[in-house]
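Novice: Starting off with a structure, shown below.
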Amino acid sequence: MTILKKHFLKEFFKYFAILILSFTAIAVIAEFFDKAPEFYPADPPVILVVQYLLLQAPRVLMYALPFASLFSILITIGIASKAREITTIKASGCSTRKFFSYYLVIGVIMSLAALLLGETLVPAATKMATEIRKIKILKQSHIITLREQSLWLRGIDSSLIRIDGFVEGDNRILRTSIFSFDSSFNLEKRIEAQEGIWKEGIWQLKNATVFDFKTGIATHHADLTSTALESPEIFQKEMKRPEEMNFLELHSYYQRLEKTGFKNIKYIVRLYEKLAYPVINFVMVVFGLALSLSSKWGGGIKAAGLGIIVSVLYWLLYSISVSLGFTGFIPPALAPFISPIIFGTAGSILYYKIQE
């Protein structure tokens, strides 16, 4: 039986490698054609475009892992069923569920690998790809820098601005300091505001105090209009996106928002999504075994078709639950786990109902 298990493992990883490379190649080519209209006018060196595309591979790989696992199992066991190898295993008195249980171990390993990939290589590669695209290919310069947990940028009026954070979706900036200088770079004025809100095309600073160093007078304003800051698009373009941060970085950023009294539901969903998504690898392995070993489904083309349906339904439910989490209709921390829980339960039931 050990020789037969090695044979199935060899076949599984053969198809797994083919599928993973195929999915990744297709996604990278699609990315190339998507960015071609943007890159063409810049006429970048080919090596930069190649680097950018290669840095997309880890993210694509993480998303392709579960579906490559599912279809590799369906193909491997489907071919074995056609060759009567599964019948031979049953005839020897061995339980097929027990015989193929080592695939469950592979599912656990895949989930852990996806978690590790999502916490290390994927955010780092995504960030580097963004840097290459914006700085080296499109020749854009950084407008915002991050220092000591704060955002620093130069204002439209040449002032220096420090912001504690930007609340995406609300177009809101947290505690803000604006430093204005004269031609000799002497500090003329300083504005300290509790927060700023983008309203009717301009920033409205709330609970602002203006320190005038020329007159030595400090004045308080419940509302103060500022023309020093650019529109919210500058923050959306320059700041790290959730996919460029690992769990700890995103958790740290969210805690900073929470301490200032703001809760951004989107960040909560994205935070727990980083823990929930890798579980799909194990779920797909369980479904692959249940579909390919069940005599009811018959394996082969029918099981493969059901595998496609399972994949589509999983993504549909996952997308819906995450969207509902964004709106707050369901608890944002629970939203990413709904699909893995439902499909994991259904897959486990099907797996234990396999007829021996």
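The values are calculated or read from the model by the stated rules, or taken from the named source; none is laboratory data. Note that this is a predicted model, so its numbers are computed, not measured. FYI the Cβ positions are ideal-geometry reconstructions off the backbone, even for glycines, and counts take in every protein chain you see.
Novice: Between residues in segment 266-279 that are farther than 19 Å from residue 329 by Cα and residues that are outside any helix (DSSP H, G or I), which pairs lie under 8 Å by C-beta distance while being six or more apart or on different chains?
Specialist: Short answer, once both residue conditions are applied: 274/246.
Novice: Here's something else I'd like to know. For segment 15-44, which residues satisfy the criterion of being assigned to a helix (DSSP H, G or I) and more than 16 Å from residue 64 (Cβ to Cβ)?
Specialist: Passing the criteria: 32, 33, 34, 35, 36, 37, 38, 39, 40, 41, 42.
Quick grid of which residues meet (1) under 19 Å from residue 170 (Cα atoms); (2) of a type in the set (Lys, Arg); (3) part of a strand (DSSP E or B):
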site	(1), (2), (3)
196	yes, no, yes
205	yes, no, yes
210	no, no, yes
214	no, yes, no
220	no, no, yes
224	yes, no, yes
228	no, no, no
231	yes, no, no
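Novice: For segment 1-14, give me the residue count where each residue is loosely packed, with under 12 Cβ neighbours inside 10 Å and assigned to a helix (DSSP H, G or I).
Specialist: 4
Novice: Could you check, for segment 179-187, whether at least one of its residues is out of contact with any Cys (no Cβ under 8 Å at 6 or more places or on another chain), closer than 12 Å to residue 226 by Cβ, surrounded by fewer than 21 Cβ atoms within 10 Å (Cβ to Cβ) and of a type in the set (A, V, I, L, M)?
Specialist: In the first step, residues of segment 179-187 are kept if they are out of contact with any Cys (no Cβ under 8 Å at 6 or more places or on another chain); the result is 179-187.
Next cut, closer than 12 Å to residue 226 by Cβ only: 180.
In the following step, the residues that additionally are surrounded by fewer than 21 Cβ atoms within 10 Å (Cβ to Cβ) were identified as 180.
With the extra rule that they be of a type in the set (A, V, I, L, M), the set shrinks to none.
Looking through segment 179-187, none of the residues is out of contact with any Cys (no Cβ under 8 Å at 6 or more places or on another chain), closer than 12 Å to residue 226 by Cβ, surrounded by fewer than 21 Cβ atoms within 10 Å (Cβ to Cβ) and of a type in the set (A, V, I, L, M).
Novice: Still on this structure, please answer the following. Would you mind finding the one in 82, 134 that is at pLDDT 75 or above and either basic (Lys, Arg) or over 23 Å from the mean Cα position of the chain (by Cα) (or both)?
Specialist: Just a single option satisfies the conditions, and that option is 134.
Novice: Restricting attention to segment 181-194, which residues are under 14 Å from residue 157 (Cα atoms) and either outside the structural domain of residue 164 (by TED's automatic domain parsing) or in a loop (DSSP other than H, G, I, E, B) (or both)?
Specialist: Answer for segment 181-194, where residues must be under 14 Å from residue 157 (Cα atoms) and either outside the structural domain of residue 164 (by TED's automatic domain parsing) or in a loop (DSSP other than H, G, I, E, B) (or both): 182, 183, 185.
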